[in-house]
Amino acid sequence: MPRARSFDEELFLDAVTERFWVHGYRGSALTDLSAATGVANGSLYQAYGSKWALFLVIFRRYCAGRLDFVEAALAPGKDVADTVRAYLAAVRADCAAHPDRRGCLMLNTIAEFGSDEEIARIVAGTMTKMEQRMAEALAEAAGRDRSDEDVVAAAANVVALSQSLIQLWRIGRDERELARMSEQVALAASGVLAA
């Protein structure tokens, strides 16, 4: 029977997430994680079994947090364009909150691991849920059914652009340019769903 953990797991996972997010999986040795958290290597192994198992814990946790982020950015009572504007503005603000332009742990991990099956499965599930939540918000704003093909396609386009905005921010694109792109997508979604 495993022993109880002698560290605050939430604070520990926050610190480990930060390390992996900034330096990547390959750039984060267990000794780095131990130094960043103050938790000894042996305790890390005992608690999680391996660096990979620990990474999957924080990666799933991060992806769940991205779903919470989408939920928080989609306030009810807005029209289609304002729904999209609010969401994409939240994405841009989230990017700007990280002056080191670290991007998104989910996107960074895809770049680092390519088509690893487990990572791909987690990301695909996260993206599907993001698109579903966006479709619900757009359907409500447009007075349409969530399963309407135009609603589903518009939701997928908005979520895809949000991920592109993160990557573009990461490589140094100007906030004004990203805001213009966001506005075009908001107007396009509104035009399609108003038709």
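Key figures for this structure:
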| read-out | value |
| --- | --- |
| Cβ charges +1 (Lys, Arg) and -1 (Asp, Glu), total dipole of the chain, debye | 480 debye |
| Charge dipole (debye, nearest 20) of segment 97-136; +1 at Cβ of Lys and Arg, -1 at Cβ of Asp and Glu | 180 debye |
| q = 0.13 Å⁻¹, the chain: log10 I(q)/I(0) [Debye, one scatterer per Cα] | -0.75 |
| Percent accessible area from carbon and sulfur atoms, segment 66-154, protein chains only, probe 1.4 Å | 49 percent |
| Pairwise label distance in nanometres, A64 with E117, each label 7 Å out on the Cα-Cβ vector | 2.4 nm |
| Value at 222 nm in deg cm²/dmol, rounded to 500, when DSSP H runs of n ≥ 4 in the chain each add -39,500 (n - 2.57) | -25500 deg cm²/dmol |
| Kirkwood Rh, Cα atoms: Rg over Rh of segment 86-195 | 1.00 |
| Kirkwood Rh in Å, taken over segment 14-92 so that all alpha-carbon pairs contribute | 14.5 Å |
| For the chain, built as a Gaussian network whose Cα springs stay under 10 Å, the top-fluctuating residue of E175, E118, E18 | E118 |
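The values are calculated or read from the model by the stated rules, or taken from the named source; none is laboratory data. Just so it is clear, the model here is predicted, and its values are computed rather than measured. In this analysis, Cβ positions are derived from the backbone assuming ideal geometry, glycine residues included, and neighbour counts consider all displayed protein chains. Protein only, heavy atoms only, side chains kept; ligands, DNA and RNA dropped before computing areas. Shrake-Rupley method; radii C 1.70, N 1.55, O 1.52, S 1.80 Å.
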